[in-house]
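One structure below.
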Amino acid sequence: MARSLSSVEKALKILQTFTAQRPELGLTEIAQRLQSHKSSVFRILSTLLSEGFVEKNPQTHKYRIGLKLIEVAQRSLDGFDWLAEASPLIDKLSREINEIVHLSILDKGEVVYLDKKGEGQGQGLTVSTRKGGRDPAHSCAMGKVLLAGLPLEELRRVLSTMTLVRRTPHTITEISALERELERVRRRGYGIDNEESFPGIKCVAAPIQNHQEKVIAAISATVPTPRMTKERMREITKLVIETARSISERIGMRSAP
């Protein structure tokens, strides 16, 4: 019994060695941080790898957090303080603009929807998105914001794994064009989806940042193209940015994004 508990504790410590600053670690690095023998760490890593809790980068041969752990974490996201703080604010935004509002995070080259407000109310727009669902990051406003918030090295790694599928005639399908668009997003502080994901629908998104001013999520307003006049675009963009800033400040960001 003691040996089993020791293995569980060591597995948990291994998972905790991965940080935002060091998302990938080699076997030797992990063993050194845990002050454990490489053979012991390797056995536990092999189990975590087989179960999908860690992944191995085929280029660097280093380990990183796996999708399975992310999926398990997502099951309890409703209990996360930052999501609890965000939910009423995006609900307020949705009611204020009378449009659908999404909140999402980035997983590799896709956005994962964590929350959705406003469907079925007011103007009656319906889009085929759902909590836990995914969409390619390159073709939506939130995806652009989340990609633009990545450190350059990580962004290059993510882009190298992405296939820029054409979803509409307006979708960006060239990496060089996407990189230029991401630079515009950084300069402006918000992202735009100009009918790039769904025909007839435009979106504007802004980043949510944590206490380290790292982009951890994004929110967006989804509006049918006929309703997105220039004046309404300015109004909605302002409100989306303000809401994202309010969420960021509530979860500990010290300065405005």
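The values are calculated or read from the model by the stated rules, or taken from the named source; none is laboratory data. Since the structure is predicted, the reported quantities are computational estimates derived from the model, not experimental observations. Note that each Cβ is placed from the backbone with ideal geometry, even for glycine, and that neighbours are counted across all protein chains shown. We work out accessible area using only protein heavy atoms, side chains counted, and drop any ligands, DNA or RNA first. Shrake-Rupley method; radii C 1.70, N 1.55, O 1.52, S 1.80 Å.
Based on DSSP H segments of at least four residues, each scored -39500 (n - 2.57), the chain has a per-residue ellipticity at 222 nm of -14000 deg cm²/dmol. Take every pair of alpha-carbon atoms less than 8 Å apart whose residues are at least six positions apart; their mean separation over the length of segment 196-235 yields a relative contact order of 38 percent. Rounded, prolate or oblate: which one fits segment 127-206, using the alpha carbon gyration tensor with axes a ≥ b ≥ c (rounded when a/c is under 1.5, else prolate when a/b beats b/c, else oblate)? In terms of gyration-tensor shape, rounded.
Rolling a 1.4 Å probe over the heavy atoms of the protein chains gives the chain an accessible area of 53 Å² per residue.
Using the average count of surrounding beta-carbon atoms within 10 Å as a protection proxy, the listed peptides 196-206, 146-156 rank, highest first, as 196-206, 146-156. Cross-link pairs exceeding 29 Å between alpha carbons, from the set Lys38/Lys144; Lys38/Lys68; Lys68/Lys92; Lys108/Lys230: Lys38/Lys144; Lys68/Lys92; Lys108/Lys230. Once C-alpha pairs closer than 8 Å and six or more residues apart are averaged by separation and normalised to the residue number of segment 1-52, the relative contact order reads 34 percent. Surface composition of the chain: carbon and sulfur make up 51 percent of the accessible area, probe 1.4 Å.
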